[in-house]
Amino acid sequence: MNFYDDIDVYGDAPAIITERSEIVSYAELVRLADAVGAQLTRKSVVIIQCDNSVASIAGYLGCLRTRAVPLLVGRVASERQLHELTAAYQPEFFWLP
């Protein structure tokens, strides 16, 4: 069993506390992640241009729960880097929170 398959058992317990002191519960995080995951297909490659945000975490978790393959790329990745990654991995989806 993987941690991402069982996290909904934590319900309303805090999962994330943002820089603005906003609290996101495990239940809310799972809801957000599953909404992302509903758009994905199993084993698809997903480029996530991520930052320190709830949306980035939800995208990553959505990939894991759907069994898609997340490829994490920083927000500061250049257009050239993204082009090279796209050519090399041929992702089916991009997650740009």
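Residue-level check: of (1) within 28 Å of residue 87 (Cβ to Cβ); (2) modelled with pLDDT of 95 or more, residue 39 misses just (2). Taking the residues in the stretch 30-64 that are farther than 26 Å from residue 11 by Cβ and among the polar types (S, T, N, Q) as candidates, determine which candidate is surrounded by the most Cβ atoms within 10 Å (Cβ to Cβ). Filtering the stretch 30-64 for residues that are farther than 26 Å from residue 11 by Cβ and among the polar types (S, T, N, Q), the one surrounded by the most Cβ atoms within 10 Å (Cβ to Cβ) comes out as 49.
Does the stretch 53-66 contain any residue that is assigned to a loop (DSSP other than H, G, I, E, B), in contact with a helix residue (DSSP H, G or I) (Cβ under 9 Å, 6 or more places away or on another chain) and at pLDDT below 95? Checked against the condition, which is being assigned to a loop (DSSP other than H, G, I, E, B), in contact with a helix residue (DSSP H, G or I) (Cβ under 9 Å, 6 or more places away or on another chain) and at pLDDT below 95, the stretch 53-66 yields no hits at all.
The residue pairs whose first member lies in the stretch 7-27 and is within 15 Å of residue 61 (Cα to Cα), whose second member is open to solvent by 90 Å² or more (accessible area, probe 1.4 Å) and assigned to a strand (DSSP E or B), and whose beta carbons are closer than 9 Å, counting only pairs six or more residues apart or on different chains, are 15/23; 16/23; 24/17. Taken as a whole, the structure places residue 27 among residues that are more than 24 Å from residue 77 (Cα to Cα), assigned to a helix (DSSP H, G or I), small (Gly, Ala, Ser) and open to solvent by less than 50 Å² (accessible area, probe 1.4 Å).
Considering the stretch 1-24, the residues that are hydroxyl-bearing (Ser, Thr, Tyr) and either assigned to a helix (DSSP H, G or I) or open to solvent by less than 40 Å² (accessible area, probe 1.4 Å) (or both) include one that is modelled with the lowest pLDDT, namely 4. Selection within the stretch 75-93: residues that are within 21 Å of residue 52 (Cβ to Cβ) and in a loop (DSSP other than H, G, I, E, B). The member of this set that is least open to solvent (accessible area, probe 1.4 Å) is 77.
The values are calculated or read from the model by the stated rules, or taken from the named source; none is laboratory data. Just so you know, these numbers come straight off a predicted model, no measurement behind them. For neighbour counting, all protein chains shown are included, and Cβ atoms are generated from backbone atoms with ideal geometry for every residue, glycine included. Heavy atoms of the whole protein, side chains included, go into the accessibility calculation; ligands, DNA and RNA do not. Shrake-Rupley method; radii C 1.70, N 1.55, O 1.52, S 1.80 Å.
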